[in-house]
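To start, the structure under review is shown below, and the notes come after it.
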Amino acid sequence: MMVTRLMPPPTRQDDDMRDLRARVREYLAQQIDSGTFTPSVDSWGGGWDPSFSQSLAAQGWVGMTVPTTYGGGGRPYVERFAVTEELLAAGAPVSAHWVADRQIAPSLLRAGTEEQKQRFLPSIVSGVQYWAIGMSEPGSGSDLASVRTKATRVDGGWSLSGTKVWTSGAHDAHYMFVLARNAPVDPTHRHAGLSQFIVALDSPGISIAPILNMSGTHHFNEIVLDDVFVPDELVFGEIGDGWMQVTSELGYERSGPERFLSSFVLLREALTEAAEPADDGLGAAFARTYALHHMSASVAQALEAGSPADTPAAIVKLLGTSFEGDVVDLVDMLSEPAEQADGNLSELLRAGIMARPGFTIRGGTTEILRGVVTRGMGLR
């Protein structure tokens, strides 16, 4: 009951929304039939395809919520939710523009200067500018208050030094939000003294090294910043407001449909091949998908209204990423051993098994999220 009070009611789907979903589905079917992409597990994490991102932008499906002043669609956030849900359900390769569209654009609109909005938003909306997020660090993980990347005031700007890890797509991205400490740690106020900076990833002093996952694929990176200069005009928000800004951004990062649809292509394929889905757990898995859809949609509605959504977003992420892993385990249990079987289902299952460990880590570990939810619900 307490959880339902935290979740605003989801919006009803009207005829316009159904028509929008139908247009996206038709477009994606055409792209699959023409061989533009093959549906894949975790397509928002590892599906880097700039050409496809730009084709979506041409359809008006990137930067949908960005005001028309900056080249965007000026559309409601719930419409963006519908489009992204269809893209993920189809396993489309959206990772090139994903971070910029999901997180950077709304953050710029919320806390960026007018100069920053004019400079960055049109390229994000066009699907030609890609971003990474520099939050996590070695030894810090999801405990962002413990970051050690240092921001030192210098003439005309700031000098950044430190290391960031798990920065998806940074080797192909153009810019990165960096969370850094501009003041010594105050033990009584660990969240104070943090600020955010916009860093061009071709700046002198930056080195990027790949972090390969166990399948050998590369989308994670380690980034070392060695006295990287950031001019004053690329300070993001206010100095010292980094923690408040980051927690707002995490509402976008944690609540979207990517937090429960990463393995949906696998689930759908398993249902297609199953004889009696209601008897083997697949029916129950689809029921959980339906519930998570409504929870995630309700957070999208809250974000559009400008309401605080950090706790509901953490709930969606906590439940959603656990579910994604459960889907992989279920299909693995029902299938032949992945290393022995052939066919599309087996290929998707192998990809799901490789991606599964990351589901509950990225965007905040399960342990950290439980703490966020506990505090948000007033239980401690």
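The values are calculated or read from the model by the stated rules, or taken from the named source; none is laboratory data. No experiment lies behind these values; they were computed from the predicted model shown. All Cβ positions, even for glycine, are placed from backbone atoms using ideal geometry, and neighbour counts span all protein chains on display.
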* Structure fact -> Picked from the stretch 320-344 (must be modelled with pLDDT of 90 or more and hydrophobic (A, V, I, L, M, F, W, C)), the residue surrounded by the fewest Cβ atoms within 10 Å (Cβ to Cβ) is Leu330
* Before we move on, is Ala287 of a type in the set (Gly, Ala, Ser), in the same structural domain as Val331 (by TED's automatic domain parsing) and either within 23 Å of Lys117 (Cβ to Cβ) or buried (at least 17 other Cβ atoms within 10 Å of the Cβ) (or both)? -> no
* Checking Ser296 against (1) more than 24 Å from the chain's Cα centre (by Cα); (2) polar (S, T, N, Q); (3) at pLDDT 85 or above, which single condition isn't satisfied? -> (1)
* For Glu115, are the conditions met, namely being under 22 Å from His293 (Cβ atoms), touching a helix residue (DSSP H, G or I) at 6+ places or on another chain (Cβ under 7 Å) and in a helix (DSSP H, G or I)? -> no
* Asked: Is it the case that Val265 is under 24 Å from Pro357 (Cβ atoms) and part of a helix (DSSP H, G or I)?
  -> yes
* Structure fact -> Residue set Ala173, Ala209, Ala192; condition small (Gly, Ala, Ser) and free of Cβ contacts under 8 Å to residues at least 40 places away in the same chain; output residue Ala209
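Results for (1) in a loop (DSSP other than H, G, I, E, B); (2) closer than 23 Å to His174 by Cα, shown as yes or no for each residue.
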residue: Gln31; (1), (2): no, no
residue: Thr36; (1), (2): yes, no
residue: Trp61; (1), (2): yes, yes
residue: Arg75; (1), (2): yes, no
residue: Gln103; (1), (2): no, yes
residue: Gly127; (1), (2): yes, yes
* Could you figure out which of (1) modelled with pLDDT of 95 or more; (2) of a type in the set (Gly, Ala, Ser); (3) under 17 Å from Glu347 (Cβ atoms) isn't true of Gly47? => (1)
* Go through the stretch 63-73 and give me each residue that's within 18 Å of the chain's Cα centre (by Cα) and part of a helix (DSSP H, G or I). => none
* Asked: Of all the strands (runs of 3 or more DSSP E) wholly in the stretch 161-225, which have at least 2 residues that are modelled with pLDDT of 95 or more and touching a Ser or Thr at 6+ places or on another chain (Cβ under 8 Å)?
  -> 175-181
